[in-house]
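The values are calculated or read from the model by the stated rules, or taken from the named source; none is laboratory data. This is a predicted model, so every value here is computed, not measured. Reconstructed Cβ throughout: ideal geometry from the backbone, glycine too, with neighbour counts over all protein chains shown.
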Amino acid sequence: MKVISGTPVSSGIAIGAAYLLEKEELRIPEYSIEDTRREEMRIKQAITIGKREVNSLIKALSKNKCTEECEILEAHISIMEDPELLDLTLSFINNEHKNAEYCLNKASEHYASMIEAIDDDYMKARANDVREISGLIISRLLGTDKAVSHKLKTPSLIVADTITVNEIARLNKDLVLGFITENGGITDHAAILARSYRIPFVTGLRGVLAEINGTDELMIDGNKGKVIINPDSVERSGCIAQRDKWNDFYTAALNKASESTFTSDGRRIKVYANISEKNFIPDAVKQGAEGVGLLRTEFLFLGSSDIPDEDAQCHIYSSICDSFGGREIIVRTLDIGSDKKNTKLNLTDEENPALGLRGLRLCFQKETELFKPQIKAILRSSFKRNIKLMLPMVTSVEEVRKFKALLEVCKAELKDKCMEYNPDISIGIMIEVPSAAILADAFTDEVDFFSIGTNDLTQYTLAIDRTNSAVSYLNEGLHPAVLELINKTIKSAHKKNKTVAICGELAGDPKAIPVLIGIGVDELSVNPSSIPVVKEIIRNIEYAEAKKISQKVLKTYDKNKITSLTSGLIPEILK
Amino acid sequence: MEERTVTVKDKIGLHARTSSLFSKKAMMFASEVKIVFGQKEANGKSMLAIMSLGVKHGMEIKIKVNGEDEKKTAELLAEFVENNFA
């Protein structure tokens, strides 16, 4: 038996045989042909069948309201029916007298490299779509495409380096118990697709292909990111029981995902989504997000892309709010530093970026080029929309006052240009530096709401570098010192009727949620995929009981005791 | 020959989704459709050709239509782009 841990990207528990998805590198044959008409027919037929396959997948997905995936696949169809791609392929066939596979590959490479040459990360990724589609048609021409779907005959856990939307499409989903991959991320289309099929998925398991054999039995826990190779009999029967309980729990959670959430004794807790890139939004809406508690605007600025101007930003913030049906959106101003940079900003490398020129500090320094356009864009988008502004990395009251003066300057400039904006926009701050939590009382007079970023608050309070694996084991949000700071912040805020949200990883941690609710948090903002479960956890908590227990937790100073104190408030399946 | 000049409002420009939508729309007409962007010209019924132009947010393109239903085609395609591909 061996236990390995990775990143959970689609929840669920399953046990079954391993199926290694071996992707032979596509070898494209090149040979001369006489009968050009025959090659033309072959390529046209392969495309027609490919299109039919993708179309039936789109039909199945649209029933599940997977608009995002349908759009990706629609684009794939457009590539398949592209007249220029076909013309170029046919011209190669007729002029060079070469086989269809070779000519299609040459034609699609022509377009892929042209698209790749465009100075834009998004377009570079699209070049790979062209290659993927052409590979798909070529493997159909070679008759190797059916290898996977044909060999998979019994329910199995798919193990692969990576998995694409098209590969998932070609698998019989009734036989797929789970996905285990070496590379991937939570925002991958494949992960979104797995979630819509409710297939557990754990990724980021480097080297896993070398460790698993086709004869192994595997158990996957997509909630915790755990994979067990050849579980022993105890582990095995435990897992089966867990799986059944989880299915009941998750079905209940999904059925109620779009409902507002109250504790069992009626305290209202809002559950919002953290959004870090635009293609997360349909998923967030589907999972029942009541708004966006943290819109990380970094995705607009990172990489080599141009810094988006005021108009472009205003358009994006407005459209995000509109796609949430006008629900509350909290836009956090840019939080980058020398570790996450935009090449156009010329940031110098720093010895210690977490403590360096970042977030609000950097924005003040780049006031004209960065900060003012963003503030104005948020002000304009908040006109007749429920959009609020939040500042990251606040450490002193002076910073907030300085920002508010700048906000007035921005308003005046917009007014001079006769631009419409919301003059009474709500302003909040992230509580993520201990000094901000300690001075929470003073901040309540300056701002409308707080959102506690527990990841950074923990890192700064406990002096633990989150990115340093040698010490990251010490990184725990339920540390008594961190809890004390959260408690202090909430008390200060509630005295002045201000709300407090938690937007760090702690907000989605089943063990932490009862404590956070007990000390009075008003709102939890989590990754979209966690929303149904977080809501279900809240429904199972009695606020009065959580309040009593959290008072004990705050006086415990012992993490093992914290676990036993809160145990009664956590659904069995998530312990 | 009919020509219309329009501005691409989509925040990313003519990327996969918008190019796909445009080429699909263009394919519904019999006329030949071309998109002119600077010195480059692309078949308006080819998503890949449109994408390779690299048109970004806020840039102007010219839609050139040639054929029996050119007037109606140019009109509808220009409107389609103006309406942000909706």
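Look through B:Lys62, B:Lys56 and report the one residue that is facing chain A (nearest Cβ under 9 Å), touching a residue at least 40 places away in the same chain (Cβ under 8 Å) and over 19 Å from A:Ser78 (Cα atoms). That would be B:Lys56, the only listed residue that is facing chain A (nearest Cβ under 9 Å), touching a residue at least 40 places away in the same chain (Cβ under 8 Å) and over 19 Å from A:Ser78 (Cα atoms).
Considering only the stretch B:25-49, how many residues are part of a loop (DSSP other than H, G, I, E, B) and within 12 Å of chain A (Cβ to nearest Cβ)? First the steps, then the outcome.
Going residue by residue through the stretch B:25-49, those that are part of a loop (DSSP other than H, G, I, E, B) are B:28-31, B:38-39, B:44-46.
Restricting the remaining residues to those that are within 12 Å of chain A (Cβ to nearest Cβ) gives B:44-46.
Summing the residues that are part of a loop (DSSP other than H, G, I, E, B) and within 12 Å of chain A (Cβ to nearest Cβ) in the stretch B:25-49 gives 3.
Restricting attention to the stretch A:72-90, and to residues there that are within 9 Å of another protein chain (Cβ to nearest Cβ) and in contact with a Phe, Trp or Tyr (Cβ under 9 Å, 6 or more places away or on another chain), which single residue is nearest to B:Met28 (Cα to Cα)? Top of the filtered list is A:Asp82.
The residues of the stretch A:188-240 that are in a helix (DSSP H, G or I), basic (Lys, Arg) and surrounded by fewer than 21 Cβ atoms within 10 Å (Cβ to Cβ) amount to a single one, A:Arg236. Within the stretch B:1-24, can you find the residues that are more than 11 Å from chain A (Cβ to nearest Cβ) and either closer than 14 Å to B:Phe80 by Cα or not in a strand (DSSP E or B) (or both)? Scanning the stretch B:1-24 gives B:Met1, B:Arg4, B:Thr5, B:Val6, B:Thr7, B:Val8. Checking the structure you have, find out if any residue of the stretch A:25-39 is in a helix (DSSP H, G or I), surrounded by 18 or more Cβ atoms within 10 Å (Cβ to Cβ) and touching a strand residue (DSSP E or B) at 6+ places or on another chain (Cβ under 9 Å). Yes; the residues of the stretch A:25-39 include at least one that is in a helix (DSSP H, G or I), surrounded by 18 or more Cβ atoms within 10 Å (Cβ to Cβ) and touching a strand residue (DSSP E or B) at 6+ places or on another chain (Cβ under 9 Å). Do we have any residue at all in the stretch B:71-82 that's at the interface with chain A (Cβ under 10 Å from one of its Cβ atoms) and modelled with pLDDT of 90 or more? No: the stretch B:71-82 contains no residue that is at the interface with chain A (Cβ under 10 Å from one of its Cβ atoms) and modelled with pLDDT of 90 or more.
Of all residue pairs spaced 6 or more apart or on separate chains, those with beta-carbon atoms under 7 Å, a first member in the stretch A:293-307 that is assigned to a loop (DSSP other than H, G, I, E, B) and a second member that is at pLDDT below 70 and of a type in the set (Val, Ile, Thr) are A:Ser304/A:Thr343.
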